[in-house]
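Quick notes on the structure that follows.
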Amino acid sequence: MRSTLATLLLLSALSGTTARGQSTPRKAAPANSPPPAAASAPKPATKDELHQLVARLDAEMFAAFNAHDVNKLMAYFAPNVEFYHDKGGLSNFTQTKEGFARLFAQSPDITRTLVPGTLEVYPVKEYGAMHIATQRFCHVENGRDDCGNSKFVMVWQQQAGTWRITRVVSYDH
């Protein structure tokens, strides 16, 4: 069952749009804190090592999401991130951070899990990796779990041993 409320909450939280649907122009802001130590790792030597690394980064990043720790969550995103949402449009770093803060305030019990068996990881030559999967967001509505799945693609850049997300495409809401 697709959750209308969960989709609307996520949409409103990540939307950086005005009433006319135009993006609110904002400059990307640098992360306030350095990326978590867990995001630091040497470039993996094999495709299997890369898959393990990205799976670990996904788990760590969404542990911060599930804890509703906006600052820790945003440390995984590059200051120049572009977050494309099929319902909410394009958001930069600042808009994405504000969107997560609104989402956590509007839906304090929202959680995210990775749908088992959907994680795909592909190397991007001399850049990093692509991270493709299906995720499930749940929250309680009227005393019952209300959940919905969506798909995403994240592009991770590896620089000087640090991995950060530079692009997100979130769709099929």
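The values are calculated or read from the model by the stated rules, or taken from the named source; none is laboratory data. Since the structure is predicted, the reported quantities are computational estimates derived from the model, not experimental observations. Methodologically, a virtual Cβ is constructed for each residue, glycine included, from the backbone with ideal geometry; neighbour enumeration extends over all protein chains shown. Side chains are part of the model used for accessible areas, which takes the heavy atoms of the whole protein and leaves out ligands, DNA and RNA. Shrake-Rupley method; radii C 1.70, N 1.55, O 1.52, S 1.80 Å.
Structure notes:
- Residue check for ARG167: under 11 Å from the mean Cα position of the chain (by Cα) and either closer than 23 Å to LYS97 by Cβ or not β-branched (Val, Ile, Thr) (or both): yes
- Those strands (runs of 3 or more DSSP E) lying entirely in region 103-165 with at least 3 residues open to solvent by less than 60 Å² (accessible area, probe 1.4 Å) and on the phi < 0 side of the Ramachandran plot: 111-114, 128-141, 144-159
- Per the conditions (1) touching a Lys or Arg at 6+ places or on another chain (Cβ under 9 Å); (2) crowded, with 19+ Cβ neighbours inside 10 Å, the sole criterion not satisfied by GLU82 is (2).
- Where TYR122 falls short, out of the listed (1) touching a residue at least 12 places away in the same chain (Cβ under 8 Å); (2) closer than 14 Å to ARG167 by Cβ: (1)
- Evaluated against (1) open to solvent by less than 20 Å² (accessible area, probe 1.4 Å); (2) closer than 29 Å to LYS43 by Cα; (3) not hydroxyl-bearing (Ser, Thr, Tyr); (4) not in a strand (DSSP E or B), GLY99 falls short on exactly one condition, (2).
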